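*Asks:* Next up is a structure, given as structure tokens.
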């Protein structure tokens, strides 16, 4: 009887944790879908007004974008200068209000050959929106 009670308690805690993590995963997946659809308005809607996007290399930390309107302009310029591109989330981990993930981006090069690259990313959420983004790039 005690064993069943312990298993039931573990199951309830696990289900509660999964339910709390769903909004973070939903936001991540919506952001990737919006990215693939080139839906700048939706991308912007998923971030806070004081959003900051950091890029990190082995020896550099830089701010790519600070603020909602700067992000909007950056994404519009990005799409204007790029061929169709697709993002895929290969894996993710949720810890509190942060979701870390491995993203693979692919597109066809000028010779029609599909090329891809990957990066690790972390989104920090506040009030149901992306507040900070860190991308670890090569």
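Read-outs throughout are calculated quantities, based only on the coordinates presented, and are distinct from any laboratory measurement. Because the structure is predicted, anything quoted here is derived from the model rather than measured. We place every Cβ from the backbone using ideal geometry, glycine too, and count neighbours over all the protein chains shown.
*Asks:* Percent of alpha carbon pairs in region 23-136 separated by more than 16 Å?
*Replies:* 61 percent
*Asks:* Sorted by average packing, counted as other Cβ atoms within 10 angstrom per residue and highest first, what order do 53-66, 25-38 take?
*Replies:* Descending mean neighbour count gives 25-38, 53-66.
*Asks:* Moving to a separate point now. In nm, to one decimal, how far is the residue 66 label point from the residue 80 one, both placed 7 Å along Cα→Cβ?
*Replies:* 2.4 nm
*Asks:* Sort 108-114, 128-134 by the packing proxy (mean of other Cβ within 10 Å over each peptide's residues), most packed first. List each step's numbers first, then the result.
*Replies:* On the way: 108-114: 8.0, 128-134: 17.0.
Per-residue Cβ counts within 10 Å, averaged per peptide and sorted highest first, yield 128-134, 108-114.
*Asks:* Another question, then. Determine how many Å³ per residue the convex hull of the Cα atoms of region 89-138 encloses.
*Replies:* Here the figure is 88 Å³ per residue.
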